[in-house]
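Below is one structure; the comments refer to it alone.
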Amino acid sequence: MTDRGINTTDTLVIRETFGPTVQGEGPSTGRRCSFIRLGGCNLACEWCDTPETWDGDRFDLRQTLTRTPVAEIITRALKDDPGMVVITGGEPLLHQRKDGWHSLLGALILAGVEIEVETNGTQEPEVHTARWVDRFNVSPKLAHAGDPADKRIRPGALHALLETRKAVFKFVVRDLADVQEVQAFTAAHGIPPHLVWVMPEGTDTATLSARWGEIADPAITAGFNLSHRLHVAIWGDEKGR
Ligand code: SF4
């Protein structure tokens, strides 16, 4: 715990909580869990599937985001005993220097649930975050996301996440060229292939299935793991599942 302890009247800006459901992506695919989706992001990916967490041009963020007490977030996230809680966004590590973040992690630890954090890999985990989180699902963005390279690639943050020994790396790819970009990216940043999950981009099963044909074999040959998008296969593009 931090010196100040847990204060569940602390707040965080969230988009939503939902679950129990299942983790749809990465090495925890199929694990029963609940999600806490925080607001705000430092990137602006062209194909982002949660722009309502950060895009003030397209959404009224005063409507889509709510400052919520940690006690309420915890109650909602732990409903029906999910076993694992995934903290996502937006970019959740933008919140990690706030009191509400420390109280949230502390309360989840006291509840005995596993904590997974999904991050875009541009933020260094601070000491308490690195200690308390069980797994970082790091999803660096490739060129097709449209963000400038110096914003989406932060070598210091990638190195710090690797140093926690709790990070896996998940890349959204569309075609063979993207798989090759993942190879170059991971080699440049010292990310071992066995920590890499490659996942097709798409929000419907037809698109996902079509992309597997081009990416699956080259990804396996490169030493990477594959990840489906299980929630898309089950529920399509439905929000909050
Ligand atoms: S990093 Fe994630 S949340 Fe942020 S814009 Fe990109 S896809 Fe969306």
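Here are a few things to note about the model shown:
- Prolate/oblate/rounded call for region 1-122, Cα gyration tensor, a/c under 1.5 rounded: oblate
- Region 176-241 versus region 4-79: alpha-carbon centroid distance in Å: 23 Å
- When you restrict to C-alpha pairs under 8 Å that are six or more residues apart and normalise by the size of region 11-235, the relative contact order lands at 19 percent.
- Candidate cross-link partners of Lys151 among the aspartates and glutamates, defined by an alpha-carbon separation under 18 Å and a same-chain spacing of 8 or more, comprise Glu46, Asp55, Glu91, Glu118, Glu124, Glu181.
- When peptides 93-100, 142-149, 57-64 are ranked by their average number of other Cβ atoms within 10 Å per residue, the highest-first order is 93-100, 142-149, 57-64.
- Net +/- balance of residues flanking Pro218 in space, Cβ distance below 13 Å, scoring K and R +1, D and E -1: -3
- Gyration tensor verdict on the chain (Cα atoms; rounded if a/c is under 1.5, prolate if a/b is larger than b/c, oblate otherwise): prolate
- Among Val113, Val85, Val70, residue whose mean-square fluctuation peaks in a GNM of the chain (springs only between Cα atoms under 10 Å): Val113
- For the peptides 17-23, 34-40, 102-108, the ranking by mean Cβ contacts within 10 Å, running from highest to lowest, is 102-108, 34-40, 17-23.
- Think of each Lys and Arg Cβ as +1 and each Asp and Glu Cβ as -1; about the Cα centre, that makes the dipole of region 11-235 roughly 500 debye.
- Orphan Cys of the chain, criterion: no other Cys C-beta under 4.7 Å: Cys33, Cys41
- Leading residue at positive end of dipole, region 11-235 (Cβ point charges), from Ala107, Ala222, Ser139: Ala107
- Bridging of Lys79 to lysines at a Cα separation below 23 Å is possible for Lys239, once same-chain residues fewer than 8 apart are set aside.
- Extreme residue, positive dipole direction of the chain, given options Thr119, Met199, Leu78 (C-beta unit charges): Leu78
- A simple rule links phi to the HN-Hα coupling: the Karplus curve 6.51 cos²θ - 1.76 cosθ + 1.60 with θ = phi - 60°, which for region 69-85 gives x, 4, 4, 6, 4, 5, 4, 5, 6, 8, 4, 6, 6, x, x, 9, 10 Hz, with x for Gly and Pro.
The numbers here are math on the coordinates, done by the rules we state, and not lab data. Just so it is clear, the model here is predicted, and its values are computed rather than measured. Positions of Cβ are backbone-derived with ideal geometry, glycine not excepted, and every protein chain shown enters the neighbour counts.
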